[in-house]
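Encoded as C-alpha cells, the structure appears first; notes follow it.
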Amino acid sequence: MLDQSETVANPAVQADVAGNWSTTLGSNSQTTQWTVAAAGEVTGNSTTGCQYTGSLAAMADTDAYKAQFSESCPEGAATVNTAFSGIATVNPEKNRLTITATNADETRGVAVFFARK
C-alpha cells in the first residue's frame, strides 16, 4: 500500500540541474543544448534554429523538478512558438536529465534525454 505521508530520502536539489546539457536526435542530425543557471533559468538552442527559454525548479518533498519552457522554431518565413510544462528528473550520478512535457492543450508532447556536457 502506498503511503503519501512518507518523505523522500533524497529530495531534488536545485544545484543538481545547474550546468550545460546536450542531446542528439534523429540519427545525429539534430543537437539541442540547454544551459541551466543556478536558480533554474533555462536557455538553449538547437542545430535546427530553435531557441529555448524557461525554468527547472526543484519540487519540495520529491526527487523531481517542475519543468516549464518555450520552444521557438523557424518554419518557413514564420516562427512557431510552443509552451511546454511537465516534469524533470536527474539520475543518481547527476549526469543525465530526463524531461517529459506537454503543451497546454496536450496536442504535443516531448520526452528529452539530456547528458551533462
**Prompt:** Nearest 0.05, what FRET efficiency do Asp63 and Ala115 give at R0 = 30 Å with Cβ-Cβ as r?
**Reply:** 0.95
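What is the gain in length, in nm to one decimal, between Lys94 and Asn20 on full extension, counting 0.36 nm per residue of separation less the C-alpha to C-alpha distance? It would help to have the intermediate numbers written out before the result.
Numbers: separation 74, 0.36 × 74 = 26.64 nm, distance 1.19 nm.
Stretched fully, the Lys94-Asn20 segment lengthens by 25.5 nm.
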**Fill in**
For P(r) over Cα pairs in 10 Å bins from 0, in percent the list reads (1) 13, 44, 30, 10, 3, 0; (2) 11, 28, 28, 24, 8, 0; (3) 13, 38, 28, 15, 5, 1; the calculated value is entry (1)
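Please give me the summed charge of the neighbours of Thr53: other residues whose Cβ is under 10 Å from its Cβ, Lys and Arg +1, Asp and Glu -1. Spell out each step's value before the answer.
Numbers: positive: none; negative: Glu41, Glu71.
Summing Lys/Arg as +1 and Asp/Glu as -1 gives -2.
Values in this text are rule-based calculations from the coordinates and carry no lab data. If you're wondering where the values come from, they're calculated on a predicted model, not measured in any experiment. Cβ atoms come from the backbone with ideal geometry, glycine included; neighbour counts cover every protein chain shown.
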